[in-house]
Amino acid sequence: MRVFAWTAVVAAMISPAAAQDLQSMQVATALGSVIGSEELCELSYDQEAIAAYIESKVSADDMSFPSTLQMMVQAQQYQLTDMSESAKTAHCTQIARAAQSFNFIE
């Protein structure tokens, strides 16, 4: 119960700008995972679909998004270097499903 109360207090204190920053970081993290997996999973993404996704999810004045996204892409690529075949299968299956849900692939 205390955790819930503490979470509510913290959530109430977060400013709209901080909430926007958190959302931007979440989008960059998720998109970075998908983009960083493109080569390993032998996928090819529709560049216009990626642009449309960013247009719909990222504020036009968000100058930190590009660098955060790049950091997340590089981190994802690094993490994927030593995957077992089973881990790669599981990872790429979900990456392909997510990419398809956002029309990045057909």
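Computed from the coordinates by the stated procedures, all read-outs in this text should not be read as laboratory data. All figures in this text were calculated on a predicted structure; none of them were measured in a lab. Cβ coordinates were reconstructed from backbone atoms using ideal geometry, including for glycine residues, and neighbour counts include every protein chain displayed.
Here are the numbers for this structure:
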item: Pair list, Cβ < 8 Å and 6+ apart or interchain, from the range 55-83 residues that are acidic (Asp, Glu) to residues that are surrounded by 10 or more Cβ atoms within 10 Å (Cβ to Cβ); result: Asp62/Gln20; Asp62/Ser24
item: Residue count, the range 47-79 (criterion: in contact with a Phe, Trp or Tyr (Cβ under 6 Å, 6 or more places away or on another chain) and in a loop (DSSP other than H, G, I, E, B)); result: 1
item: Number of positions in the range 70-89 that are of a type in the set (Val, Ile, Thr) and within 16 Å of the chain's Cα centre (by Cα); result: 1
item: Leading residue by the ranking (surrounded by the most Cβ atoms within 10 Å (Cβ to Cβ)) among those in the range 26-46 that are outside any helix (DSSP H, G or I) and among the hydrophobic types (A, V, I, L, M, F, W, C); result: Cys41
item: Every residue from the range 80-106 that is among the hydroxyl-bearing types (Ser, Thr, Tyr) and either assigned to a helix (DSSP H, G or I) or surrounded by 14 or more Cβ atoms within 10 Å (Cβ to Cβ) (or both); result: Thr81, Ser86, Thr89, Thr93, Ser101
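Here is a yes/no grid of residues against (1) under 17 Å from Phe102 (Cα atoms); (2) within 15 Å of the chain's Cα centre (by Cα):
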position: Gln26; (1), (2): yes, yes
position: Ile35; (1), (2): yes, yes
position: Asp46; (1), (2): yes, no
position: Thr68; (1), (2): no, yes
